[in-house]
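Beneath this line is the structure, given in structure tokens, with notes to follow.
The values are calculated or read from the model by the stated rules, or taken from the named source; none is laboratory data. These numbers come from a predicted model, not from an experiment. Backbone-built Cβ (ideal geometry, glycine too); neighbour counts: all protein chains shown.
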Amino acid sequence: MNRLQWQITKLRYLLRGMRLAGRPEEKVWYFAFGANMNDKAFRERRGMRPLAWRAGRARGYRLRFNLEGRPRGKAAPANLSADPEAEVWGVLYQITRADLVHLDRSEGVPGRRYRHLWVEAETADGATVPAVTYIAEGKETDGNPSHRYITLLREGARAHGLPEPYLDFLDGVTPAE
């Protein structure tokens, strides 16, 4: 992304009420807790090429399935909800800010659904890193993710070595009929 494209992108974010900081080549950590934990979704479908990855968690948040997916009533994508007693496991990917803009476009950011949320993520070995993730205004009640969607989460969580209790939690999520 050249300098002019970056400036135009920053302006587009500003017009949507979001600030895009840094330079395009600057490295950031992205915390994936949904389908992006799966390489089929993150690397293949979204075309992302992370510089590094590791298992991690965000304390103070709970995994929810409270967004309206497609087909309506038959799918509920993952979301985060503040909960001081909870934690969400996922995959921390190191990417560039230009890559984050590419990922944002694939997630509809900036827009009316997801927005950036900066969290202090903890790696499996106990180190903390600031990481950007996505959060949306969800419904009061949770729905059920599609079978395809929850399978992406389960496969991605296993492939990236998330802890057994979290794998058990994901295995216990009932998919939509």
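Key figures for this structure:
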item	result
Helices (runs of 4 or more DSSP H) contained entirely in region 72-177, each with at least 3 residues that are surrounded by 20 or more Cβ atoms within 10 Å (Cβ to Cβ)	97-107, 147-159
Options 133, 128: the member that is under 30 Å from residue 21 (Cβ atoms), under 18 Å from the mean Cα position of the chain (by Cα) and touching a residue at least 60 places away in the same chain (Cβ under 8 Å)	133
Residue within region 95-102 that is in contact (Cβ under 8 Å) with a residue 60 or more places away in the chain and hydroxyl-bearing (Ser, Thr, Tyr) present	yes
Candidate set from region 11-49 (those that are in contact with a Phe, Trp or Tyr (Cβ under 6 Å, 6 or more places away or on another chain), in contact (Cβ under 8 Å) with a residue 60 or more places away in the chain and in a loop (DSSP other than H, G, I, E, B)); member that is nearest to residue 96 (Cα to Cα)	24
Some residue of region 103-111 being touching a residue at least 60 places away in the same chain (Cβ under 8 Å) and of a type in the set (Lys, Arg)	no
Residue within region 87-94 that is under 15 Å from the mean Cα position of the chain (by Cα) and either at pLDDT below 95 or more than 25 Å from residue 169 (Cα to Cα) (or both) present	yes
Any pair with Cβ under 6 angstrom, 6 or more apart, that starts in region 143-156 at a residue that is free of Cβ contacts under 8 Å to residues at least 24 places away in the same chain and ends at one that is assigned to a helix (DSSP H, G or I) and of a type in the set (A, V, I, L, M, F, W, C)	154/170
